[in-house]
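Working notes, structure below.
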Amino acid sequence: MDAAKTVLASREAVANALGAKVNEIYFTAGGSESDNWAIKGAAELGAKKGKKHIITTAVEHHAVLHTCEYLEKHGFEVTYLPVDEFGRVSAQQVENAIREDTCLVTVMFANNEIGTIMPIAEIGKICKEKKIPFHTDAVQAVGHVDIDVKAMNIDMLSLSGHKLHAPKGIGALYIRTGIVLPNLIAGGAQERGRRAGTENVPGIVGLAQAMRDACASIEGKNRITAQKRDRIIQELLKIPETRLNGHPTERLAGNINISIRGVEGESLLLMLDMNGIAASSGSACTSGSLDPSHVLLAIGLPHEVAHGSLRLSFEEDLTDEDADYIIATVPKVVERLRAMSPLWERICKEEGIQ
Ligand SMILES: *Cc1c(COP(=O)(O)O)cnc(C)c1O
């Protein structure tokens with residue numbers, strides 16, 4: 001097959017997986033680029049009509065939050081909706097925040113740290129009724145949650161290849177027909193002239209194949225994965241002074257996020273790594289920064305608790321032996337770290353924990 005045909009077949013595969021039309025899919029270099037394009041583009045369209053208000057949430061990925069902050073510096077007003085204790089916003093909150101001058105609602109599909117899934121179809125319905133463009137950062141959801149952009153009234157959707165086993169550096173933005181988003185990159189006729197530049201053909205082919213594979217049997221895979229997730233959560237919560245972050249049921253099948261008081265996140269990760277468990281504390285993109293996660297703070301955790309959190313992500317190929325190993329290893333590591341933690345000693349003294 002020649003390159004053009006392969007790219008078309010790939011575009012079809014991505015469109016099919018989302019319930020979109022083939023000419024509504026635009027390949028980009030990843031999730032961050034798609035988010036930037038959708039949000040800045042919708043802002044530019046809004047500004048032309050004198051509408052300079054954007055609604056988003058406090059728990060978005062930085063690709064969305066930092067884009068919104070950029071727009072605030074350029075005369076836009078942004079409402080950051082607070083989330084409940086599980087990290088969710090409601091469609092009612094979105095509806096209440098809509099104003100005459102709202103030009104965009106952008107709410108992530110599933111959270112990258114705590115796995116909470118937002119009520120996207122309900123929010124889409126409100127936005128359709130109010131005729132406000134609705135964008136969702138679905139980077140964590142694509143391939144893990146059934147998505148139908150038409151049924152869910154999604155106008156724009158961002159996705160990224162490397163979050164579903166495609167190569168790094170490829171992503172896509174779905175733009176509903178009728179949304180005339182300003183072009184991202186001026187140049188040649190690639191991506192219908194809206195995002196010019198010679199296509200990343202290997203990336204595109206890889207993304208399409210990953211989408212075919214990941215979207216094939218989401219429900220069956222999720223059932224297996226969620227069973228393992230729930231067993232691990234149940235066991236890890238037996239460690240004293242722990243709590244589950246994120247929604248207990250409305251969450252990604254392969255996400256666990258637990259706060260463990262009296263341990264410091266980075267040391268926990270290091271020790272788990274030495275024991276062969278690749279975990280993460282906040283978001284992978286902010287590792288190296290010592291600020292506690294904005295998501296954990298938004299669900300109401302105090303700084304001290306937000307620092308000691310553990311995130312495990314996996315898929316259906318996690319074996320029962322892997323799960324047993326995690327269940328056996330994490331409590332041992334926590335015990336060792338707590339034994340040398342002045343913070344834990346203070347907590348025990350102050351709260352009378354034996
Ligand atoms: C990873 C991620 C992104 C960024 O995607 P890149 O392809 O790395 O640019 C955006 N949003 C969410 C929710 C993510 O998890």
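Every number here is computed from the coordinates shown, using simple stated rules; none is lab data. All of these numbers come straight from a predicted model, not from anything done at the bench. Backbone-built Cβ (ideal geometry, glycine too); neighbour counts: all protein chains shown.
Tabulated data for the structure shown
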quantity	calculated
Of Lys49/Lys163; Lys48/Lys150; Lys52/Lys125; Lys51/Lys163; Lys21/Lys131, those spanning more than 32 Å from alpha-carbon to alpha-carbon	Lys49/Lys163; Lys51/Lys163
Distance (nanometres) between label positions extended 7 Å along Cα→Cβ at Lys349 and Ser267	1.6
22 Å Cα-Cα reach of Lys332 towards lysines, excluding residues that sit fewer than 8 places from it in its own chain	Lys228, Lys238, Lys349
Antiparallel content of DSSP bridges confined to the chain, in %, to 5	55
Cβ-derived FRET efficiency at R0 25 Å, Asp148 paired with Asn96, nearest 0.05	0.40
Cα shape, region 299-354, gyration tensor, a/c 1.5 rule	oblate
Between region 331-354 and region 294-328, the Cα center-to-center distance that results, in Å	19
Burial ranking of peptide ranges 301-314, 121-134 (average Cβ count within 10 Å, highest at the top)	301-314, 121-134
Gain in span if fully extended, Glu72 to Asp291, counting 0.36 nm per residue against the direct Cα distance	76.6 nm
Kyte-Doolittle mean at least 0.0 and Cα axial length at least 18 Å: DSSP H helices in the chain	3-18, 201-214
Packing rank of 318-326, 245-253, where each peptide gets the mean count of other beta carbons within 10 Å, highest leading	245-253, 318-326
DSSP beta bridges in region 100-242 [antiparallel fraction, %, rounded to 5]	45
Distance in nm between pseudo-label sites at Ala196 and Lys332 (7 Å out along the Cβ direction from Cα)	6.0
Prolate/oblate/rounded call for the chain, Cα gyration tensor, a/c under 1.5 rounded	prolate
Relative contact order [Cα under 8 Å, 6+ residues apart], the chain, whole percent	18
At R0 = 22 Å, FRET efficiency that the Cβ-Cβ distance of Glu321 and Asp230 yields, to 0.05	0.80
Ala47-Met340 pseudo-label distance in nm [points 7 Å out on the Cα-to-Cβ vector]	5.3
Cβ-derived FRET efficiency at R0 25 Å, Ala4 paired with Thr177, nearest 0.05	0.70
Eligible aspartates and glutamates near Lys5 by straight Cα distance, threshold 19 Å, same-chain separation 8 or greater	Glu24, Glu191, Glu199
